[in-house]
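Read-outs throughout are calculated quantities, based only on the coordinates presented, and are distinct from any laboratory measurement. Predicted, not measured: the structure shown is a model, and the values here were computed from it. FYI the Cβ positions are ideal-geometry reconstructions off the backbone, even for glycines, and counts take in every protein chain you see.
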Amino acid sequence: MTLVYASELKRFSAGERKYAFLIPSSMVLELDNEVRSILDALEDGPKPIEALTTSPGAEGALRELARVGAVHRDGAPDIPLTQLATPPEPPPLSTIVLNVTNSCNLSCRYCYEYGEDRLEEPAPAQVMSVETARQSVDTLFAESGRNDKLQITFFGGETLLNFKVIGPTVDYARQRAREEGKFVDFSLTTNATLLTRKISQWLADNRIGVTVSIDGPKEIQDSMRVYGKTGMGSYDIVAPRIKELLSIYTTRPIGARVTLTSKVIDVPKIFHHLTEEMGFYEVGFAPVTSSTGLDYAIDGNGLDQLLEQFRALGERYVEAALAGKYLGFANLSDMLGEIHEGVAKAYPCGAGLGLLGVAPGGEIGLCHRFAGSGDHDFGHVKTGVDASKRIEHLERGHIDKRIDCSTCWVRSLCSGGCYHEAQVRYGDRFRPNLHYCDWIREWTAMGLEVYAKLLDGNPEFLDRFDQRKVA
């Protein structure tokens, strides 16, 4: 007797239409009556194949469910996914993040570089040289393999403190791209304090992707993002510079990145100010990365509050999308894109996988947050990437090694969470971020509900996620 088992899945709906999210493949299926009947029958355990194929269309429905991995026979693997296997060797790089300086003219208390949660004591002020930046570019191309679309991100400290190295690096990388027959895109993160009309025009002329770190209106911005020497707030400095940038640079969307702390969890107010009053295309919110006990750390009550505010903003997102309009809630858009693409993660992010960071002195790190932090270095741009360390990282960081995640239904989208946050909170970058597991599950469930509503009400809106290309 052949038994049929249901694979791991989570069911959800939008109106009368029913769906299933397959785990760990991240595939979304719409369930017709035949399929629903089969899955209903399997909810309380496996059934003989004969018991599931009594109606005329059941045999075809069962074959289709087996084809996509929603059911499997006794002894067969549950949705075998080769893309979740540990790579036999480090995959080619697609992205490198250059920390062109470790200095900053602001002194944000929550900063992972200079705040209370830094991994190492602050190094002496450093700026990346043009030579080191070129060596970093060479490293990216040398490690890129068959990847023909590459990304270089300029970061800090405050990136624009070393603006003089960015232009020559862009020119050099474009020259290398022409020689190699590849395409390279550029992005930059800035706190906007040093923006000038000349810099804004250069960014626009060179189509550099720009993200501005800003926490919201004046009273929110000035509560944490202050100048180090004087303690003066930064809003009055950055606001006119941002507005000038947005007026000059109109050919590529510019987004804002907000760090949320226990002091300020007011997503609606921040979002309205940054989009409606300042003119940003979209806004991404990041709860502060911190260890416990700090007065700005977000606790369980704060996460509950944040989820409710995200839910309210998500309802506005749906309302706009059903009308064919885009509301720039970047967190929700990113998740919808992953759901739509069927992203199944073996790792929480690209750090050490397709992305590496480079410190001002040329040390190669797991990502920009780890670059120059000693034990987490992966080589140097003068000598190359240490492949053995990347392999060790990929083996230890794989979702299959995270036992705490093995039964979680969102593991294919989360894969344990941020390495840096785990290092800060637990002293081990490979530990799952268990302190926000419930939050991630509820947030992902909300994303699936939104996805279903859009499938039901305006599926054409989801076309924007079919092929997310460099703008």
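How do Arg411, Arg146, Arg17 rank when sorted from fewest to most other Cβ atoms within 10 Å of their own Cβ?
So the residues, fewest neighbours to most, are Arg146, Arg17, Arg411.
Note down the nm distance, to one decimal, between modelled labels 7 Å out along Cα→Cβ at Glu277 and at Lys229.
The modelled label-to-label distance comes out at 3.0 nm.
How long is the gain from Leu307 to Ala286 if the chain were fully straight, where each residue apart is worth 0.36 nm and the alpha carbon distance is subtracted?
That works out to 6.3 nm of additional length.
Can you list the lysines whose alpha carbon sits under 27 Å from that of Lys401, skipping same-chain ones fewer than 8 residues off?
Partners found: Lys10, Lys345, Lys389.
Assuming 0.36 nm per residue, please report the length gained on full extension of the stretch Lys401 to Lys47 beyond their Cα-Cα distance.
124.3 nm
How do Thr230, Thr132, Thr169 rank when sorted from fewest to most other Cβ atoms within 10 Å of their own Cβ?
Thr230, Thr169, Thr132
Expected output is a single nm value to one decimal: the length gained when fully extending between Thr383 and Asp171, i.e. 0.36 nm times separation in residues minus the C-alpha distance. What is it?
Taking 0.36 nm per residue and subtracting the Cα distance, the gain is 74.0 nm.
Given that just one value was derived from the coordinates, which of [x] 65, 47, 35; [y] 75, 48, 46; [z] 67, 50, 43 is Cα extents along the principal axes in Å?
Correct label is [y].
Could you work out [θ]222 nm for the chain from helices alone, using -39500 (n - 2.57) per DSSP H run of at least four and dividing by all its residues? Round to the nearest 500 deg cm²/dmol.
-11000 deg cm²/dmol
Quick check on the exposure proxy: order Ser129, Ser103 from fewest to most C-beta atoms within 10 angstrom.
In order of increasing Cβ crowding within 10 Å: Ser129, Ser103.
Going by the alpha-carbon gyration tensor, a ≥ b ≥ c the square roots of its eigenvalues, is region 180-331 rounded (a/c under 1.5) or, if a/c is not under 1.5, prolate (a/b greater than b/c) versus oblate?
Taking the square roots of the gyration eigenvalues as a ≥ b ≥ c, region 180-331 is oblate.
Obtain the nm distance between the two label points defined at Lys164 and Thr251 by a simple spin-label model: each point lies 7 Å from its Cα along the Cα-to-C-beta direction.
The modelled label-to-label distance comes out at 2.8 nm.
List the residues of region 246-265 whose backbone N lies under 16 Å from a point placed 7 Å from the Cα of Glu219 along the Cα-to-Cβ direction.
Answer for this model: 263-265.
Just to verify a number: FRET efficiency for Lys263 and Met1, C-beta to C-beta distance, R0 = 56 Å, to 0.05?
0.35
Please list, ordered by chain and number, the residues whose modelled amide H lies under 5 Å from the amide H of Ser7; skip anything fewer than 5 residues away on the same chain.
For Ser7, the qualifying residues are Val71, His72.
Taking only Cα atoms of region 3-80, what ratio of Rg to Rh do you get with Rh as the Kirkwood inverse-distance radius?
That ratio is 0.93, to two decimals.
Considering all projection directions equally, how large on average is the shadow of the alpha-carbon convex hull of region 268-423, in square nanometres?
Result: 12.2 nm².
Excluding same-chain residues fewer than 8 positions from Lys243, which lysines have a Cα within less than 30 Å of its Cα?
Answer for Lys243, where 30 Å is the Cα cut-off: Lys164, Lys198, Lys218, Lys229, Lys263, Lys269, Lys325, Lys469, listed by chain and number.
So what J values fall out for region 40-52 if you push phi through Karplus, 6.51 cos²θ - 1.76 cosθ + 1.60 with θ = phi - 60°, rounded to Hz, Gly and Pro as x?
Coupling constants for region 40-52: 4, 5, 8, 4, 9, x, x, 9, x, 4, 5, 6, 9 Hz.
What is the Cα convex hull volume of region 95-374 when expressed per residue in Å³?
In region 95-374, the Cα convex hull volume per residue is 148 Å³.
Could you give the size of the charge dipole of region 3-80 about its Cα centre, using +1 on the Cβ of each K and R and -1 on the Cβ of each D and E, expressed in debye and rounded to the nearest 20?
In debye, rounded to 20, region 3-80 gives about 180.
Considering only C-alpha atoms, what is the centroid distance from region 12-73 to region 377-391, in Å?
After rounding, the separation between the Cα centres reads 46 Å.
Would you pull out the residues with amide H under 5 Å of Met27's amide H, same chain only if 5 or more places away, H placed 1.01 Å from N?
Leu22
Between the helical axis of 437-457 and the dominant principal axis of the chain, each derived from Cα atoms, what acute angle in degrees is found, rounded to the nearest 10?
Roughly 70 degrees, rounded to the nearest 10.
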